[in-house]
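So the structure is just underneath, and the comments pick up after that.
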Amino acid sequence: NLEKIFVAREPLVGEILVRLGQWRPSASRQHYLLIGPRGIGKTCVLQVIAHRIRRDSLLSRTWVPVALPEEGYGLNSVADLFVHALGLLAEETADRDVGDRHQQVRLDPDDRRALDLTLDAFRRFHARTGKCVLLMLENVNRVLDRQLGPRSQRHLLRKILIEEEWLAAICT
């Protein structure tokens, strides 16, 4: 059990969970970046946060953790990132509308259209359920520097993180 071996980063996890628990709609959201050398426990911190959100009745009313795989080499655009996250949200929640939209956009060759439809699906999920997505993305430096391509993609991701009410990110 992950909880039994987790001790060193308890204050950090506790602080993040308290802040997530205090968040209210229309308030600004805090995004998080965990920095440290390989092996220090960043992945473990993300797993514990996701686990605690899922088992806490108050946090799980507001947040759905969506953890992208650590080795997400197929993420070559912001559209890829959010389409993949939408598929993970469908798996996490078994939400039929989200799953249907994911099937519709997952092979769409038009990145702009796929991203617009995907963001719309997240917004509708949020409006229908009142839940926000806690996007967990590991190795964000690699994604930003090597995978997302042109600088315009990084600016687009930043814009989404700032403007979308349903989204908070915790990255390593």
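The values are calculated or read from the model by the stated rules, or taken from the named source; none is laboratory data. Nothing here was measured: the structure is a model prediction, and the numbers come from that model. Positions of Cβ are backbone-derived with ideal geometry, glycine not excepted, and every protein chain shown enters the neighbour counts. What goes into the accessible areas is simple: the full protein's heavy atoms, side chains included, and nothing from ligands, DNA or RNA. Shrake-Rupley method; radii C 1.70, N 1.55, O 1.52, S 1.80 Å.
Run down LEU119, LEU86, LEU144 and say which single residue is among the hydrophobic types (A, V, I, L, M, F, W, C) and closer than 24 Å to GLY36 by Cα. Being among the hydrophobic types (A, V, I, L, M, F, W, C) and closer than 24 Å to GLY36 by Cα holds for just one of LEU119, LEU86, LEU144, which is LEU144. For beta carbons closer than 7 Å, sequence separation of 6+ or different chains, a first residue in the stretch 7-25 that is within 20 Å of LEU167 (Cβ to Cβ) and assigned to a helix (DSSP H, G or I) and a second that is open to solvent by 80 Å² or more (accessible area, probe 1.4 Å) and modelled with pLDDT under 90, the qualifying pairs are ARG19/GLN30. Restricting attention to the stretch 1-42 and to residues that are surrounded by 11 or more Cβ atoms within 10 Å (Cβ to Cβ) and among the basic types (Lys, Arg), the residue that is modelled with the highest pLDDT turns out to be ARG19. Annotation: GLN147 fulfils all but one of (1) within 24 Å of ARG96 (Cβ to Cβ); (2) modelled with pLDDT under 85; (3) not hydroxyl-bearing (Ser, Thr, Tyr); the unmet one is (1).
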